[in-house]
Amino acid sequence: YTKSIALIMQDPDAPFGVFTHWIILNVKNNLKENFPKKFKIKGIYQGMNDFGYVGYGGPCPPFYQKHRYIITAYALDTKIQISNPVNAKKFFNLIKSHIIAKSSLLGFYQRSKN
């Protein structure tokens, strides 16, 4: 059965390849708005996004370009323990042998000049 949930949010349309906006491990029942940008909070770990900091970094495509944003949730058979924030490559290496199921949500975002 599921012992933890891991999430990753990525933009596959970024100019220089897939861009990671958020990595989070050991998600509990829900995530509150304005979740702190800290590495570890009550057993929940956040990874390093491609903006270069820990926590969530929101969508910011070039003006008038529509980008896809994919949030994938992984049900894992264990809780993940890490001592430092991980990037996307390390995230996938950590979870790959523990995945029970996964589900993705696709959204679109486009900025326009106001």
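No lab work stands behind these numbers, since they all come straight from the coordinates. The structure presented is a predicted model; accordingly, all values stated were derived computationally and were not measured. Positions of Cβ are backbone-derived with ideal geometry, glycine not excepted, and every protein chain shown enters the neighbour counts.
Quick notes on this structure:
- One chain, two ends: residue 18 and residue 60. Fully extended at 0.36 nm per residue, the span grows by 13.8 nm beyond their Cα-Cα distance.
- Put simply, the amide H of residue 3, placed in the peptide plane, has neighbours under 5 Å in 76, 77, 78, leaving out anything fewer than 5 places away on its chain.
- Computed P(r) (all Cα pairs; the chain; 10 Å bins; percent): 14, 45, 31, 8, 1
- Pairs with C-alpha atoms separated by more than 26 Å, drawn from the list 3/32; 37/113; 90/113; 38/66; 42/96; 3/90, are 37/113; 90/113; 38/66.
- Annotation: extensible slack from residue 114 through residue 3 equals 35.4 nm (criterion: 0.36 nm per residue apart, minus Cα-Cα distance).
- Spin-label model, residue 75 to residue 106: label points 7 Å out along the Cα-to-beta-carbon direction sit 2.3 nm apart.
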